[in-house]
Amino acid sequence: MNQKENNKRNYKMKKVIYISFLFLATIVFVQCSEDDNNNIIDPEATCEDGIQNGDEEGIDCGGSNCLPCEQGPDGVDFSGTFVQEDQVGRPAISTVFVTEGLRDDFNTTIPSEMSSLFTDDMLMNLESLNPDFDDNGGNVLAQDAAGFISMLSKDVLWVAQNGTATFFNGTTTFTGRKLGDDVMDFHLLLIFGGPNIEAPLNDGSGEQPLLISDGVSQNDKEFLQSFPYLAAPF
């Protein structure tokens, strides 16, 4: 076989290989296009991801894998045994007044037993925060240290059955709580402000430190006027 015939044969072989390669590449591309859902990657659906996906009939309920959506309000399964994890009757009570190692115990204690178990610890922490609490005349609710802690140690949120619901609006106290109520400032006022609400102590004037405000006057976004009322996320 001469050189010319060899070159012709090699050319035909290369042509066959090239055509075969194009054929295989076309098959792979078509297969990928069918599998990738128009280049949209769907995450694997689970019954605990907080979104409705897969064949779910609601958020994490219904379909072939999840519990039926009609199993409790909004598809929540209320079967089993529930354990109290946090009290949170009034904001920041355990954080401010209960020693760190006792906070979990406080938050899982029923209110009727709180005073007998935690009054001494809470009173000690109040006196640590403001050693002059009683010497300055107590607080704007006319409470001395013992009376103040007696109220706080039963960590429940009082709600009036009629009238204005507010944590504190300048005149009314502890008849409920609105989202816009500045509960932290009122707590600080009760701890550091003394008995005279018209001329509170530690208000930052003169040589006094500012201890009766956390410096946050309002929420950074307006609350909604209908349920769930909380401000929309950013």
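No value in this document is a laboratory result; all are computed from the given coordinates. Everything numeric in this text was worked out from a predicted model, so none of it was measured. Quick reminder, even Gly has a Cβ in these numbers, built from the backbone with ideal geometry, and neighbours come from all protein chains shown.
Odds and ends about this structure:
- Ranked SER64, SER213, criterion: other C-beta atoms within 10 Å, fewest first: SER64, SER213
- Across region 93-192, the mean sequence separation of Cα contacts (distance under 8 Å, 6 or more residues apart), normalised by length, yields a relative contact order of 24 percent.
- Distances between placed amide hydrogens fall under 5 Å for LEU210 paired with GLY204, all partners being 5 or more residues away or on another chain.
- Positive end of the dipole of region 93-192 (Cβ unit charges, origin at the Cα centre): among VAL156, THR119, PHE133, the Cα lying farthest that way belongs to VAL156.
- Under the Karplus curve 6.51 cos²θ - 1.76 cosθ + 1.60, θ = phi - 60°, whole-Hz ³J(HN,Hα) for region 203-216, x wherever Gly or Pro sits: 9, x, 8, x, 9, 7, x, 8, 10, 9, 8, 8, x, 10
- Histogrammed with a bin width of 10 Å, the alpha carbon distances of region 93-192 distribute as 15, 44, 36, 5 percent, first bin at zero.
- Ranked THR81, THR95, criterion: other C-beta atoms within 10 Å, fewest first: THR81, THR95
- Cα-centred dipole magnitude for region 114-234, charges only on beta-carbon of K, R (+1) and D, E (-1), debye, nearest 20: 640 debye
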